[in-house]
Amino acid sequence: MKVFIYERTFFKLILTFLMTFISFIAFAQIAVKGKVLDEKGLGMPDVNVLLKGTTTGVKTDAAGNYNITAPNPQATLVFSYLSYVTQEIVVNQRTTINVSLTAQDNTLDQVVVVGYGAQKRATITGAVSDIKSDALMRTPAVTTSGALVGKIQGVNTRQTDARPGGTTGLQIRNLGEPLYVIDGVPSDAGQFNNLGQNDIESISILKDASAAIYGLRAANGVVLVTTKKGRSNQPTTINVSSYYGLQNFTRMPKPANAGDYVQALAESDQNLNRTSIWTRELLNK
């Protein structure tokens, strides 16, 4: 009887502890709701609302409303939307958080070099991709084409030469080699890869209608390169960067010797049903 009472008491203690622990967790969580507005005060749909440091998040509805559960008062909500400035807000026991996002216009004001001059990105309607010198210099690549691997959309790269220091081929449209234009001068892949990444200001990739100004030569796309030039009323800057790397064969083929060569000749004669001058006695010596 005492054992039975003891077991019931122990079970009650465990149950009480679990209920207290679950209540504590539920009390710590905070249900947060709110609305995301744009600069005109209109609700923004499909805005990402994410708990910082986790993969938990929701999206706003058509009116800009959202509901999310924060694990604790110190949790941070991250509001992000394409072409808008990302905001981070700490919950701090609040159950309602309204946010106003500001448009980020600097990407539309960037200047992109095209075949007939330079344009703002906001006014470009053709198929144009570009990359600036900062992104190129961060990549320790042997050749310029190798520095573009995974850096720019609309370009397929492939290793055309397995030898150490071999170049990387670029494919923009079709399977042929694109037209390379360096500072307005038509060039080839060799001259393009001889350029140092530090000497390049920007690289633009043109295809379809954007490359029409170059005619038939641009059937496979155009790689438009602008190199760095001196600027007036600018201070002198010196940039130094270096890296060290090795490129080797994964497996070096083992060459055959004279004995292997003679053995192969004898096997060839045997397969062709010919009398070989290399008899078994000679091969065994």
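The table for this structure:
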read-out: So SER276, is it of a type in the set (Ser, Thr, Tyr), touching a helix residue (DSSP H, G or I) at 6+ places or on another chain (Cβ under 8 Å) and farther than 28 Å from THR143 by Cα; value: yes
read-out: First in the stretch 211-230 and at positive phi, second anywhere and β-branched (Val, Ile, Thr) and crowded, with 18+ Cβ neighbours inside 10 Å, Cβ under 8 Å, 6 or more apart; value: GLY221/ILE172; GLY221/ILE205
read-out: Sole exception among (1) modelled with pLDDT under 85; (2) surrounded by 17 or more Cβ atoms within 10 Å (Cβ to Cβ); (3) not assigned by TED's automatic domain parsing to the domain that holds VAL149 for ILE68, by number; value: (1)
read-out: Qualifying residue in the stretch 246-254 (condition: part of a helix (DSSP H, G or I), over 30 Å from ALA135 (Cα atoms) and either at pLDDT 85 or above or not assigned by TED's automatic domain parsing to the domain that holds THR167 (or both)); value: no
read-out: Hey, ASN220 assigned by TED's automatic domain parsing to the domain that holds ASP130, more than 24 Å from VAL142 (Cα to Cα) and surrounded by fewer than 16 Cβ atoms within 10 Å (Cβ to Cβ) or not; value: no
read-out: Residue in the stretch 266-275 that is at pLDDT below 85 and either of a type in the set (Gly, Ala, Ser) or under 20 Å from ALA135 (Cβ atoms) (or both) present; value: no
read-out: Any chance SER232 is under 25 Å from GLY146 (Cα atoms) and either within 27 Å of the chain's Cα centre (by Cα) or not assigned by TED's automatic domain parsing to the domain that holds PRO140 (or both); value: no
read-out: Hey, ASP260 free of Cβ contacts under 8 Å to residues at least 24 places away in the same chain, more than 19 Å from GLY184 (Cα to Cα), surrounded by 12 or more Cβ atoms within 10 Å (Cβ to Cβ) and not basic (Lys, Arg) or not; value: no
read-out: Candidate set: the stretch 102-141, residues that are at pLDDT 75 or above and among the β-branched types (Val, Ile, Thr); chosen: the one nearest to GLU88 (Cα to Cα); value: THR102
read-out: Wholly within the stretch 147-229, strands (runs of 3 or more DSSP E) carrying at least 2 residues that are touching a Phe, Trp or Tyr at 6+ places or on another chain (Cβ under 9 Å), of a type in the set (Val, Ile, Thr) and under 30 Å from GLY245 (Cα atoms); value: 179-182, 222-227
read-out: Restricting the stretch 42-65 to residues that are of a type in the set (S, T, N, Q) and loosely packed, with under 12 Cβ neighbours inside 10 Å, the residue that is farthest from GLN29 (Cα to Cα); value: THR55
read-out: Total residues in the stretch 182-199, condition of a type in the set (A, V, I, L, M) and touching a strand residue (DSSP E or B) at 6+ places or on another chain (Cβ under 6 Å); value: 1
read-out: Selection from the stretch 140-158 of residues that are in contact with a helix residue (DSSP H, G or I) (Cβ under 9 Å, 6 or more places away or on another chain) and surrounded by fewer than 16 Cβ atoms within 10 Å (Cβ to Cβ); value: PRO140, VAL142
read-out: Any chance LEU206 is of a type in the set (A, V, I, L, M) and closer than 19 Å to GLY150 by Cα; value: yes
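The values are calculated or read from the model by the stated rules, or taken from the named source; none is laboratory data. Since this is a predicted model, take the numbers as computed values, not measurements. When we count neighbours, we look across all protein chains shown, and the Cβ atoms used for this are built from the backbone with ideal geometry, even at glycine.
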